[in-house]
Amino acid sequence: MLDEDGGILGRGITNSRSNYDLAADLARTEAFVSARFELLRREVEARAGAPALDRLLAAFRLEQRLAQLERLRERLRAESQGSAALLETVETLVGRIAAEEEERFEKGDETSRSDFFRDAAGSAYARIAEELARPPGAGEAPSADAKDEPWEIGTPDAVFSFAEPQAIPAEGVDAIKTFVVDCVLEAGGKTCPPTIVGVGIGGTADLCMHLAKVAATRPLGSHCEDPEGAKLERELTAAVNMLGVGPQGLGGDSTAFAVHVETAATHITMNPVAVNMQCHSARRARATFRPTGVEYGF
């Protein structure tokens, strides 16, 4: 939803592939709800300040998750088919998740996590269910006084790791900014700054790299057509020029002429980002082929 100035007022998103009509209805409803809360946010922030707004939103999310947990409890009870043992486990499991949510609210824990109930509750559900299913003493290290054979965790079948730290989509724009700034800082003077920093966001891995090149070769003074992308350009340009890399890496506040951003739609479970830096020479040319010949320009 957009406001009268064309700014984004509310967003709606779902991840359903089974029924696209239902998904569209849910996304539209979510956009209306999001818009209402955006209007509320502006009013509360103006009257009571940002801390009051943050606390209000945290209280709303708590009530929302507790209501969702209650529906989950009812569904699990129905699936238990009257088994006393299962019913007891359900009450313990859902009760512990609810208690963790309330404790998180009381402590003011703002640790980043997914906005989807299924992700946050699913993670807690799996962790607590594993604890409840484990026999007493299973998986625990022996006490310091144990005289038996040394306790060993065993050798894993395989160990996988990334060569570089990996961000997750839920980290949002902050992760994108960190990645771009780190790339510029690591490049230092090797890219012959001042540069034009091209950033590709979204699409697939290969598409976002293409977008980064397109962004890097865009004329100076142009801006991303997406308002959010244009805002990110301004923020990243300011951040990059605060790094102190400067012309040819000799220091100063002119590390980049500009940061250009190009975006594409992508799936919610991924958010590819690529960076391409154009040196200060900014060599760029255009050739237009016509029946009468070739026209060259910039």
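The values are calculated or read from the model by the stated rules, or taken from the named source; none is laboratory data. Remember, it's a predicted structure, so these values are computed and weren't measured experimentally. In this analysis, Cβ positions are derived from the backbone assuming ideal geometry, glycine residues included, and neighbour counts consider all displayed protein chains.
State whether the residues of the range 253-262 include one that is surrounded by fewer than 18 Cβ atoms within 10 Å (Cβ to Cβ) and part of a loop (DSSP other than H, G, I, E, B). Yes, because at least one residue in the range 253-262 is surrounded by fewer than 18 Cβ atoms within 10 Å (Cβ to Cβ) and part of a loop (DSSP other than H, G, I, E, B).
Take the range 215-235 and flag every residue that is within 18 Å of PHE179 (Cβ to Cβ) and in contact (Cβ under 8 Å) with a residue 24 or more places away in the chain.
Listed by number, the residues that qualify are ALA215, ALA216, CYS224, GLU228, GLY229, LEU232, GLU233, GLU235.
From the list ARG47, ARG28, ARG17, the lone residue that is at pLDDT 85 or above, over 23 Å from GLU131 (Cα atoms) and surrounded by fewer than 11 Cβ atoms within 10 Å (Cβ to Cβ) is ARG47. Looking across the range 62-77 at every residue that is of a type in the set (Lys, Arg) and more than 19 Å from LYS107 (Cβ to Cβ), the one that is farthest from the chain's Cα centre (by Cα) is identified as ARG77. Taking the criterion of being closer than 24 Å to GLU103 by Cα and within 20 Å of the chain's Cα centre (by Cα), the residues of the range 38-61 that qualify are ASP54, LEU57, ALA58, ARG61. Over 27 Å from the mean Cα position of the chain (by Cα) and either within 25 Å of ALA124 (Cα to Cα) or in the same structural domain as GLU228 (by TED's automatic domain parsing) (or both) - does that describe any residue in the range 21-37? Checking the range 21-37: not a single residue is over 27 Å from the mean Cα position of the chain (by Cα) and either within 25 Å of ALA124 (Cα to Cα) or in the same structural domain as GLU228 (by TED's automatic domain parsing) (or both). Annotation note: Cβ proximity below 6 Å between a residue of the range 54-66 that is modelled with pLDDT under 85 and a residue that is in a helix (DSSP H, G or I) (sequence gap 6+ or interchain) occurs for ALA58/PHE105. The listed residues are THR292, THR217, and the only one of them that is surrounded by fewer than 19 Cβ atoms within 10 Å (Cβ to Cβ) and under 18 Å from THR191 (Cβ atoms) turns out to be THR217. When residues in the range 87-99 are screened for being more than 12 Å from LEU69 (Cα to Cα) and in contact with a helix residue (DSSP H, G or I) (Cβ under 7 Å, 6 or more places away or on another chain), 3 of them pass.
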